[in-house]
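Take a look at the following structure, please.
None of the figures in this text is laboratory data; all of them are computed from the coordinates on show. Remember, predicted model here, so these are calculated numbers, not experimental data. No Cβ is skipped: glycine too gets one built from the backbone with ideal geometry, and neighbour counts run over all protein chains shown.
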Amino acid sequence: MITILKFGGTSVGSAEAIERSANIVVKESGSKVVVVSAMSGITNFLVKAVEDKNVRIDDVIEEFREKHVSTAKELLSDDLFKEFMKEFEERFADFSELLKDSEARKDRFFQDNMTSQGERFSSLILSYEIRQLGFKSVALTSEMAGVFAEGEPLSGSCDLSRTSAVMSMKVKPLLNDDIIPVITGFYGINEEGKPLTFGRGGSDYAAAAIGNALDANSVEIWTDVDGFMSADPRFIPEAISIGEMNYNEAAELAHFGAKVLHPRTIEPARMKHIPIWVKNSYKPEHPGTQIHHIRKPRNTPLRSVAMKMDLSRITVISGEISYKQDLVAKIMQKFAEAGVIIYAISTSLSSIAFLVHSLDAYKALQYLNDLDDEIERIDVRSNFALICAVGDGLLHRVGFCGDIFMAVKDVDASVEMISQGASDVSLNFVVSTDFAADVVRSLHSRFISGGN
Ligand code: ADP
Ligand code: ASP
Ligand code: MG
C-alpha cells in the first residue's frame, strides 16, 4: 500500500511546522512517498528576485541561505546537521551559480529553474527531520526521482508514462527498503533536461502525478485548513469542511478558483481511481475531505462556492457570425495559438463572448488582430469575476437557478454572463469584481450556513 503525502508551503513554513509534518509522515502506515512545496513565502521571494531589477543578488543568496540553514539547525542534532550541511552545500552551490549566471537568464526556462529552487531545500530539511525521528529517508529532486514534464514555460504538464517508467525503477526500490523518499513538488524535467514548473500551486498536481506514476493507493494533500470547504474560509469564516465529494465537483471548483487544490490535481488521480484526501497539518485528527469517484445522492442543493477574479470578457462581433463557421473555427484557433484558457463562452447571432484571465487578454487580442478583415469589432471589458456554484442537487431542482439569482440580487449585483449545462454539477456566472465576495457571501448564507 503506497500513500503520497504532499505538504504545502505553510506545512513546511517553519521548524515547528516541519516537525509537525514529519510526525504525520512517520505515523502513516504502509509505504510512504512525500512531496513537498517550498517553505511559505520562498517562491514569491524567488519570483521577485527574477523580476525585480533592483534586487541585489548577494542579498537574495544570503537571505535564502539563512532561512533554510537556521530552520535546519533548530531541528537537527549536531551530527545530523553536519550531514545535512554537506548535501545542502551541493544544492546551494548550484543555486547561487544559477543566480549569478547572466547567460542562464537568457534561457526561456530560466524563471522555471529559479522559482523551483525553494522545493529543493524544503525537501532536504523535511527528509532530515524524518531521519531525526529515527526513520530512513532520502531527499530526491525531480531530476533524481524521474518526474518528467512537457509544455511551455511556467505551465508544464507531467509526462505521466515517462515518469511512471522511471519512478518505478528509481523510487519503488526505496519503498521496498522502508526508505521514505521526500521529492520536490512544483516541477518536472523537460525534454531538454531543464526544470519546468506546473504553474503556481503546482505541488498538488505533482503529488497527484506521482501518485498516478507509482499506482498509489491514496494521495493526501496536507494544508492549513480543515479540508475542501464550502467556500474560501479567508472570505467566509463560517465555511464548513466537506466530508466527501466526487472528482467532478472538486475539479470544477479548483478550476474556477478554489485555491486549496491546483486546478489540474484531480485528473491524474481520477484516471486511476486514486482517492485524494485534503487534510489540515495543524489538526491531523480532523477527518478532512475525501475526493473520490463515487457519486452519492445528496440532499443539499449547494455544496461549495468558488470565485475566480481578474477576468476579462472579449466580445468578437461580426454580422451573422453564427452562419460563418469558418470564421468561428479561425477565432478558436487564435485562442489556441495564443495558449489562452477560455473560462466561459457565450454566443448570439452576431457575436461571441469569451471570458479569459485579464493577464491573457492582451495576448489573445494580438492573435485575433490577424482576423481584422473578417471581424467588425472586438470589445474588451475587464474587472469581472466568475462565481462557480457546485452541488448536484442544484441543477436538478426546479426553480433553483431562480433562487441562486435571488441571492445575487440581494447584494445588488448584476449577472454579466452565464454558463450552465456543460457540467452537470456546476452553475457558473460572471459578475463585476467589486461584487464577487458579496455574492459568494450571499449564496453561502442563503444555501449553506443558513441551513436551507
Ligand atoms: P498550500 O500551501 O498548503 O498548498 P494553499 O494556500 O495553496 O495551501 O491552499 C490553501 C488555501 O486555499 C486555504 O488557506 C484557503 O484560504 C484557500 N481556499 C480557497 N478556497 C478554498 C476551499 N473551497 N476550501 C479550502 N480552502 C480554500
Ligand atoms: N511553491 C510553489 C508555489 O508557491 C508550488 C506550490 O506551493 O505548490 O507556487
Ligand atoms: Mg497550494
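Once you charge only the Cβ atoms, +1 for Lys and Arg and -1 for Asp and Glu, what is the size of the charge dipole of the range 2-224 about its Cα centre, to the nearest 20 debye?
240
Going by average Cβ neighbours within 10 Å, how do the peptides 353-364, 224-235, 252-263 rank, with the highest at the top?
Most protected by this proxy first, the peptides run 252-263, 224-235, 353-364.
So what's the back-of-envelope 222 nm ellipticity for the chain, counting only DSSP H runs of four-plus at -39500 (n - 2.57) apiece and dividing by all residues, rounded to 500?
The helix-only estimate for the chain comes to -12500 deg cm²/dmol at 222 nm.
Related question: Cβ neighbours within 10 Å, averaged per peptide: list 28-35, 294-301, 402-409, 45-52 in order, most packed at the top.
Result, highest mean Cβ count within 10 Å first: 28-35, 402-409, 45-52, 294-301.
May I pose another question? Enumerate the amide H contacts of residue 156 below 5 Å, restricted to partners 5 or more residues apart or on another chain; note that Pro and chain-start residues carry no placed amide H.
197, 198, 199
Please list, ordered by chain and number, the residues whose modelled amide H lies under 5 Å from the amide H of residue 39; skip anything fewer than 5 residues away on the same chain.
Correct list: 122.
Per residue and in cubic angstrom, what volume does the convex hull of the Cα atoms of the range 304-449 have?
Expressed per residue, the convex hull around the Cα atoms of the range 304-449 is 113 Å³.
Once fully extended, how much extra length lies between residue 294 and residue 315, figured as 0.36 nm per residue of separation less the alpha-carbon to alpha-carbon distance?
Result: 3.7 nm gained on full extension.
Given Cβ point charges of +1 (Lys, Arg) and -1 (Asp, Glu) and nothing else, what value in debye, to the nearest 20, does the dipole of the chain about its Cα centre take?
Computed about the Cα centre, the dipole is about 980 debye.
With a 10 Å radius around each residue's Cβ, average the other Cβ atoms per peptide and rank 107-114, 302-309, 131-138, highest first.
302-309, 107-114, 131-138
Right, another one. Grab the other residues whose beta carbon is less than 14 angstrom from that of residue 93, score K and R as +1, D and E as -1, and report the net.
-1
Please arrange 401, 158, 388 by how many other C-beta atoms lie within 10 Å of their C-beta, fewest to most.
By the 10 Å Cβ count, ascending: 401, 388, 158.
Hey, another quick one. Please turn the phi angles of the range 251-258 into ³J(HN,Hα) values with the Karplus equation 6.51 cos²θ - 1.76 cosθ + 1.60 (θ = phi - 60°), one per residue in order, whole Hz, x for glycine and proline.
Per-residue couplings from phi come out as 5, 4, 5, 5, 5, 9, x, 6 Hz.
I've got another one for you. Convex hull over the Cα atoms of the chain, averaged projected area in nm²?
23.2
Under 5 Å between amide H atoms, partner at least 5 residues away or on a different chain: which partners does residue 304 have, H built in plane at 1.01 Å?
Under 5 Å from the amide H of residue 304 lie the amide H atoms of 390, each far enough along the sequence or on another chain.
Rounded to whole Å, give me the distance from the Cα center of the range 298-364 to that of the range 51-129.
First find each Cα centre; the distance between them is then 41 Å.
Note the count of lysine pairs whose C-alpha atoms are less than 27 angstrom apart in the range 319-431, limited to pairs 8 or more residues apart or on different chains.
Summing the qualifying lysine pairs gives 4.
Placing +1 at every Lys and Arg Cβ and -1 at every Asp and Glu Cβ, with all other atoms neutral, what dipole size does the range 302-452 have around its Cα centre, in debye to the nearest 20?
Dipole of the range 302-452, to the nearest 20 debye: 480 debye.
Whole-Hz Karplus ³J(HN,Hα) for the range 227-238, in order, using 6.51 cos²θ - 1.76 cosθ + 1.60 and θ = phi - 60°, x for Gly and Pro?
Using θ = phi - 60°, the values come out as x, 6, 10, 5, 6, 5, x, 5, 9, 10, x, 8 Hz.
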